[in-house]
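Novice: Let me give you the structure first, and then I'll get to my questions.
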Amino acid sequence: MLNRNRRRTANTMTSKEILQELEAFGDEQTKNTLMNHGAKEPFFGVKVQDLKKILKKTKKNHELSLEL
């Protein structure tokens, strides 16, 4: 029987691995569009659909988000 009080552990991606994925998903055209709408450097120009792919791997992880 599973202990329902135990937290599920998120995937153990590190902030470095996430940044590498963000850089790989980055697109120059998306970056230019976001800059035209007021986004400021530094950023990779990643589409929301690609961000959601990373979110599925990491789930909710407050400590990791603070690290990024």
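The values are calculated or read from the model by the stated rules, or taken from the named source; none is laboratory data. Everything numeric in this text was worked out from a predicted model, so none of it was measured. Glycine also receives a Cβ, built like all others from the backbone with ideal geometry; neighbour counts cover every protein chain displayed. The accessibility values were calculated without ligands, DNA or RNA, using every heavy atom of the protein model including side chains. Shrake-Rupley method; radii C 1.70, N 1.55, O 1.52, S 1.80 Å.
Novice: I'd like the full set of residues that are among the aliphatic types (A, V, I, L, M) and loosely packed, with under 14 Cβ neighbours inside 10 Å, limited to the stretch 10-25.
Specialist: Within the stretch 10-25, Ala10, Leu19, Ala24 meet the criteria.
Novice: Oh, and also: If you scan the stretch 26-45, which residues turn out to be open to solvent by less than 50 Å² (accessible area, probe 1.4 Å) and within 17 Å of Leu68 (Cβ to Cβ)?
Specialist: Of everything in the stretch 26-45, those that are open to solvent by less than 50 Å² (accessible area, probe 1.4 Å) and within 17 Å of Leu68 (Cβ to Cβ) turn out to be Gly26, Ala39, Phe43, Gly45.
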